[in-house]
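The values are calculated or read from the model by the stated rules, or taken from the named source; none is laboratory data. Computed from a predicted structure; not experimentally measured. Note that each Cβ is placed from the backbone with ideal geometry, even for glycine, and that neighbours are counted across all protein chains shown. We work out accessible area using only protein heavy atoms, side chains counted, and drop any ligands, DNA or RNA first. Shrake-Rupley method; radii C 1.70, N 1.55, O 1.52, S 1.80 Å.
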Amino acid sequence: PTSLPPPPMSENKKMQMQGTSLWLSEDDPLDSMRSTEELPPECDAVVIGAGISGCAAALQCQELGLSCVLLDSRGVAGGASGSNGGHMWASTDSSKGRKAFEAACVADMTALLQDAPGPDGSPSLEALGGLELALDDDQMEMLKGEEGEAWSSERVCEALSARPGAFAGGIYHPQACSVWPARAARALARKALAAGANLQTLTSVHSIVEEGGGAVEVRTARGVLRPRRGVVVCTNGWTPKVLPEMEGVIIPARDHVIVTEPLPARLWKHSFCAPEQKGSEAGDDFWYGVQLADGRLCLGGGRRERDGGYAFGDDDDSTCDG
């Protein structure tokens, strides 16, 4: 495998990238790895996007006996898989098998991350438990119907070092975890590589073209791939760039997450999510937070009311404009 030097940045770009995610602060050969110097002449499947979904898809292809090329315009976990709040909460909604499905996903992710510590040996997962918070009595009454343990205002505020009365209470979910998401994607990528996948980073896909007889071309900045069996697109909010027919169907939405320097004391004993505003009609606008193993506070969300929205339709994540 070859590792390429990072592309040069302008001074303006360097300034913009000061907002890069903490999860991507660890140097890794997967940031610029190419399994072969040139794109392979043939393959069974092409997976576009090397985030958690794409790396899992590439691994699945290889386990099914399909030779796979995994493409990304950046490096592994260079998109949303490396820029998020770092939470893992399984749903308590048992309808349509969701609860069982998500519980199985959490079990698989837990096993994956337990075998993927940081370069310094730090854990990639902490089972902290999580608090779903209420800002007033109306919201607390709504939460009481959910699965989990109801906590009083006093207990919640003590657990989060909050001023007395800041929260009306909350529901404690013991299965909630704090995770280092980029390590999860990288661990999956390494499993896919070990199974025979061909990783090509820093390779932008321009288009997917269907030809006669079911043939497909994946046209990239470095050449064309013609997979025998098909293409799997795992590009999240960037999907309309390679599948224009998904414009208006898959809509990118940006949020902000801020992280402090390490603090000496544990202020938040559990991860949490809290409505952005009081009242029974608060909707799904939330703040979410967790204190990491090294003492950093990680806080995200809260954009819809504060600055007019999540920047719907904007897929430029190179700047932090909060």
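Structure above, values below:
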quantity	calculated
Residue that is modelled with the lowest pLDDT [pool: residues in the range 268-286 that are of a type outside the set (Asp, Glu) and open to solvent by 80 Å² or more (accessible area, probe 1.4 Å)]	Lys278
Lone qualifier among Ala107, Ala58 - being open to solvent by 30 Å² or more (accessible area, probe 1.4 Å) and either over 13 Å from Arg183 (Cα atoms) or touching a residue at least 40 places away in the same chain (Cβ under 8 Å) (or both)	Ala107
In the range 128-163, residue modelled with the lowest pLDDT [restricted to those that are exposed (fewer than 14 other Cβ atoms within 10 Å of the Cβ) and not in a helix (DSSP H, G or I)]	Gly145
Top-ranked residue in the range 187-216 [being in a loop (DSSP other than H, G, I, E, B) and touching a residue at least 40 places away in the same chain (Cβ under 8 Å); ranked as surrounded by the most Cβ atoms within 10 Å (Cβ to Cβ)]	Ala197
Tally of residues being in contact (Cβ under 8 Å) with a residue 40 or more places away in the chain and among the acidic types (Asp, Glu) across the range 119-140	4
Enumeration of residues in the range 235-253 that are open to solvent by 30 Å² or more (accessible area, probe 1.4 Å) and assigned to a loop (DSSP other than H, G, I, E, B)	Leu243, Glu247, Gly248, Val249, Ile250, Ile251, Ala253
Gly97 vs. criteria closer than 21 Å to Gln277 by Cβ, more than 18 Å from the chain's Cα centre (by Cα) and open to solvent by 30 Å² or more (accessible area, probe 1.4 Å)	no
Sole exception among (1) aliphatic (A, V, I, L, M); (2) within 28 Å of Ser122 (Cβ to Cβ); (3) out of contact with any Cys (no Cβ under 8 Å at 6 or more places or on another chain) for Ile171, by number	(2)
Checklist (1) within 27 Å of the chain's Cα centre (by Cα); (2) open to solvent by less than 20 Å² (accessible area, probe 1.4 Å); (3) farther than 27 Å from Ala100 by Cβ applied to Arg219, failing item	(2)
Residues within the range 34-55 that are closer than 12 Å to Asn198 by Cα, open to solvent by less than 10 Å² (accessible area, probe 1.4 Å) and assigned to a loop (DSSP other than H, G, I, E, B), tallied	2
Test for Met9: is it modelled with pLDDT under 90, assigned to a loop (DSSP other than H, G, I, E, B) and under 22 Å from Asp315 (Cα atoms)	yes
Residue check, Asp72 among the charged types (D, E, K, R) and exposed (fewer than 15 other Cβ atoms within 10 Å of the Cβ)	no
